[in-house]
Every structure is written in C-alpha cells, then in structure tokens.
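Worksheet: the structure to be examined is printed underneath.
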Amino acid sequence: MHLGLFPLPLFLLPGGVTKLRIFEPRYVRLVKESMASDSGFVLAMKDGDAICRFGTHVKIVDFETLSDGLLGITIRGISRVALDNIGQEEDGLWVGDAEALENWDEIEGAGILGEALESVFEAHPEHASQYHEEKHFDDMLWVCQRWLEILPLANNQRQWFLSQKDLEEAKQFISLLLTEEKI
C-alpha cells in the first residue's frame, strides 16, 4: 500500500496511542487524505536525512481543534510495516510503499513486567489517560509493546525491534532491564 509518511522521533507500536499537533501544510494534507480514504499513514523514523526502513501504520481515531487553533489528532498503531520506494512529493511530504509485517503472537500472563508497567502508568497519569479503559497489564504482547514505546531507545534499536518476527527478544530485553534495575 502506498501511504504518506510522518517522520517523527516517536516510537509507537500496534495498539499504542498518542496525540499529535498538526501545523505544517504537508501534514495537514496528509491528515485530510488519510481521513478521506481511511487509509491511515506511517509513523516513520529518520536516520539523518533518510527515512528508516521500518515504521508503524497508524490510523486517526480522534481529532480536535486545540486551544491555539491548531489541529490535534489522536492516532493508534495498527501494524508494523516495512517501507520501500520512499520519496518526497513536491510539498516535501514523504511517501512510500508499506508492507504490513505479521503481528507478534499474544502471550497470556505478563507477571512482573505488567506490574512494573502498571506502576509506571500510575506515576504518569497523563500518559495512561490516552489508553482509557484499554490497559492490558496481563497481556505480555501489550505490555512489551508499551515498554518499548516508553524506553529511551536509539533509533537503530527501535528499528531492530520493529524488524523482529516475534516478541521473544523484546520480552528478554525488558526483563533484563527490570532485573538490572533492582540490583
């Protein structure tokens, strides 16, 4: 699927929710086209001047006019994608072909990882409020994806996790971090 790309230093995985402020004309166009076709767009990362190879297909789930008159949108991650044929249109909007990657399998029982994430959400209610009633602290997939979103990872690490075929590496990485933190 050929989609618009929104390059941001923001990491969002399937099921993740965040709000964006839209003010550049090319991104106002991206939002209009995305909403008109219900196609969504890709949240992409940049490496220097280039768009990275992996991103997240997102859909707009809400919008509002912000107090400063700018457009605010709420997006939800739909799927991890591999990007190809990346280019820029005349107004500077990045576009590319996005191929959905297979979703990671859900694993019941998040144990200590879920409990630790729940504590983080309690300490940061502004972040937790984006999820309303959609918090799944007992679902290992949901928990690991939220951990990866909030951890201060470098773009190459984020790209590596996006490219993985299953959840195992993320689960081990987060478990190791939490174990080291207790030492």
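The values are calculated or read from the model by the stated rules, or taken from the named source; none is laboratory data. Just so we're clear, the structure is a prediction, and the values are computed from it rather than from any experiment. So basically every Cβ, Gly included, is an ideal-geometry build from the backbone, and we count neighbours across all protein chains shown. The protein model used for the area step is the full one, side chains on, heavy atoms only, and it has no ligands, DNA or RNA in it. Shrake-Rupley method; radii C 1.70, N 1.55, O 1.52, S 1.80 Å.
Mind checking which residues of the range 1-33 are over 30 Å from Ala170 (Cα atoms) and open to solvent by less than 10 Å² (accessible area, probe 1.4 Å)? Write out each step before concluding.
So in the range 1-33, the residues over 30 Å from Ala170 (Cα atoms) come out as 22-33.
Matches in the range 1-33: Ile22, Leu30, Val31.
Of the conditions (1) free of Cβ contacts under 8 Å to residues at least 60 places away in the same chain; (2) closer than 22 Å to Asp139 by Cα, Ile51 satisfies every one except a single condition; which number is it?
Looking at each condition in turn, Ile51 falls short on (2).
Out of Trp104, Trp94, which single residue is under 17 Å from the mean Cα position of the chain (by Cα), closer than 28 Å to Ser34 by Cα, aromatic (Phe, Trp, Tyr) and crowded, with 17+ Cβ neighbours inside 10 Å? So that I can check it myself, show each step before the final result.
Details: Trp94 fails: under 17 Å from the mean Cα position of the chain (by Cα).
On inspection, the qualifying residue turns out to be Trp104.
Against the condition assigned to a loop (DSSP other than H, G, I, E, B) and polar (S, T, N, Q), how does Ser34 come out, does it pass? Reasoning before the result, please.
Values: assigned to a loop (DSSP other than H, G, I, E, B): no; polar (S, T, N, Q): yes.
Taking the combined requirement at face value, the residue does not satisfy it.
Condition first: surrounded by fewer than 11 Cβ atoms within 10 Å (Cβ to Cβ) and either within 22 Å of Gly92 (Cβ to Cβ) or of a type in the set (Ser, Thr, Tyr) (or both). Now tell me which residues in the range 54-79 satisfy that.
Passing the criteria: Thr65, Ser67.
Go through the residues of the range 112-127 one by one and say whether even a single one is surrounded by fewer than 16 Cβ atoms within 10 Å (Cβ to Cβ) and polar (S, T, N, Q).
Checked against the condition, which is being surrounded by fewer than 16 Cβ atoms within 10 Å (Cβ to Cβ) and polar (S, T, N, Q), the range 112-127 yields at least one hit.
Pairs only if they're at least six apart or on different chains, beta carbon under 7 angstrom, first in the range 128-148 and without any contact (Cβ under 8 Å) to a residue 12 or more places away in the chain, second surrounded by fewer than 22 Cβ atoms within 10 Å (Cβ to Cβ) and of a type in the set (A, V, I, L, M, F, W, C); list them, first residue then second.
That search, which allows pairs on different chains as well, returns Ala128/Phe121.
What do you reckon, is Ile51 crowded, with 19+ Cβ neighbours inside 10 Å and more than 21 Å from Glu89 (Cα to Cα)? Explain how you work it out, then say what you get.
Values: crowded, with 19+ Cβ neighbours inside 10 Å: yes; more than 21 Å from Glu89 (Cα to Cα): no.
Spelling it out, it is not the case that Ile51 is crowded, with 19+ Cβ neighbours inside 10 Å and more than 21 Å from Glu89 (Cα to Cα).
Restricting the search to the range 54-75, which residues are modelled with pLDDT of 95 or more and among the charged types (D, E, K, R)?
Matches in the range 54-75: Lys59 only.
Please give the number of the condition Gln145 fails out of (1) out of contact with any Leu (no Cβ under 7 Å at 6 or more places or on another chain); (2) assigned to a helix (DSSP H, G or I); (3) at pLDDT 90 or above; (4) polar (S, T, N, Q).
Answer for Gln145: the failing condition is (1).
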